[in-house]
Amino acid sequence: KQEVTQIPAALSVPEGENLVLNCSFTDSAIYNLQWFRQDPGKGLTSLLLIQSSQREQTSGRLNASLDKSSGRSTLYIAASQPGDSATYLCAVNNQGGKLIFGQGTELSVKP
Amino acid sequence: GAGVSQSPSNKVTEKGKDVELRCDPISGHTALYWYRQRLGQGLEFLIYFQGNSAPDKSGLPSDRFSAERTGESVSTLTIQRTQQEDSAVYLCASSGSRGANEQFFGPGTRLTVL
C-alpha cells in the first residue's frame, strides 16, 4: 500500500530565503508525482507534475526533483516571498488514477 | 471560466438528511475524481470516473455514498442519511485522460452536518 510522507510538517522562514520541502513514498512504481499548494479555505493549485521518466521539473522559482528508486521528491523554492505562504502537498499516482497525498507542509514566509 | 467548478460552495445540513454535491470538470476532460478532506486530515480518495464509468470506487467510505457521471461531463456525489463524521470539504478534480495526466482541482464544497 502506497504511503506518502512529507517533512517537515511546518516551516517558518524569513523572506528571501531558499527552502526545500521533502516528500517520500513507499512504492516506487509510480506513474507521476504532483506538487500542489493549498491556501486556507481554498482548493488545490497544481504547481508541478513530474512523470516517472523525468528527474525534475521547473516553473519560475519552483523546482521539483524526483528520485523514483529511493522514493523521494523535493520541492525547492528560491527567494521565498510572503505570498508563498500556504500548505504544500505532494501526491503520487501509482495506479493510473487516484492520487495518494501526503499530510502537507505548512509554510510561513515572514516579511 | 475554464477551470473545474463545484456547487454549492457551502452546504449545512441536519443529520439524517441527504445531500447532493455537483462537479463540472474542465471541458473535454475524460477523467474525474472525488476526494474528501476532513478537518486536520489529509486528502482521501473517494471515487474515479473514466468517461461515465467508475473503475475505482474503493474510497467510498460506506454504502451511504454514491456518485454518478452523465454525458462524460457533470458528476454528482450523493450522501444519504448524513452523519456528523461526513463533515468535510469535498473536492473534485479532472484530468485529460486516464492515468498519468495532471489533475486540476475545483474549489471544493464545504459540508457541515449538524
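Brief remarks follow.
- Inter-chain shielding of A:35-47 (mean C-beta neighbours from other protein chains, 10 Å cut-off): 4
- Working from label points 7 Å from Cα in the Cα-to-Cβ sense, the residue A:45 to residue B:7 distance is 2.5 nm.
- Per-peptide packing, taken as the mean over residues of other Cβ atoms within 10 Å, places A:26-32, A:15-21 in the sequence A:26-32, A:15-21 from highest down.
- Loop GluC sites (Glu not before Pro), the range B:3-108, which have at most 13 other Cβ atoms in a 10 Å radius of their Cβ (DSSP): B:14
- Placing +1 on the Cβ of every Lys and Arg and -1 on the Cβ of every Asp and Glu, with nothing else charged, gives chain A a dipole about its Cα centre of roughly 220 debye.
- Surface burial for A against B, with a 1.4 Å probe and both sides summed, reaches about 1500 Å² of accessible area.
- Rolling a 1.4 angstrom probe over the protein assembly as shown with all protein chains present gives an accessible area of which 45% lies on carbon and sulfur atoms.
- Cα-based Kirkwood hydrodynamic radius, the range B:1-105, one decimal, Å: 13.9
- Occluded residues from the range B:42-78, i.e. those whose accessible area drops by 50 Å² or more once the chain is not alone (1.4 Å probe): B:43
- Where Rh is the Kirkwood radius over Cα pairs, Rg/Rh for chain A: 0.96
- For chain B, the per residue solvent-accessible surface stands at 47 Å², with DNA, RNA and ligands left out and a 1.4 Å probe.
- The range A:27-70 shape via C-alpha gyration tensor axes, a/c threshold 1.5: oblate
- Accessible area per residue, Å², chain A with all protein chains present, probe 1.4 Å: 47
- For trypsin sites (Lys or Arg not before Pro), the sites in the range B:6-86 that DSSP calls loop and that have at most 16 other Cβ atoms within 10 Å are B:15, B:17, B:38, B:57, B:64, B:81.
- Proximal lysines to residue B:11, defined as alpha-carbon separation beneath 28 angstrom and excluding residues fewer than eight positions away on the same chain: A:42, A:98, B:57
- Taking the three principal axes of the alpha carbon atoms in the protein assembly as shown, the coordinate ranges are 49, 37, 35 Å, sorted in descending order.
- Report note on the peptides A:64-77, A:40-53: ranked by the mean count of other C-beta atoms within 10 Å, highest first, their order is A:64-77, A:40-53.
- The length gained by stretching the chain between residue A:72 and residue A:13 to full extension, at 0.36 nm per residue less their Cα-Cα distance, is 19.0 nm.
- Exercise: per-residue mean of other protein chain Cβ atoms within 10 Å, A:4-14: 0
- Counting only other chain Cβ atoms within 10 Å of each residue's Cβ, the peptide A:22-34 averages 1.
The values are calculated or read from the model by the stated rules, or taken from the named source; none is laboratory data. Source: prediction; values computed, not measured. Here the Cβ is made from the backbone with ideal geometry for all residues, glycine too, and neighbour counts use every protein chain on show. What goes into the accessible areas is simple: the full protein's heavy atoms, side chains included, and nothing from ligands, DNA or RNA. Shrake-Rupley method; radii C 1.70, N 1.55, O 1.52, S 1.80 Å.
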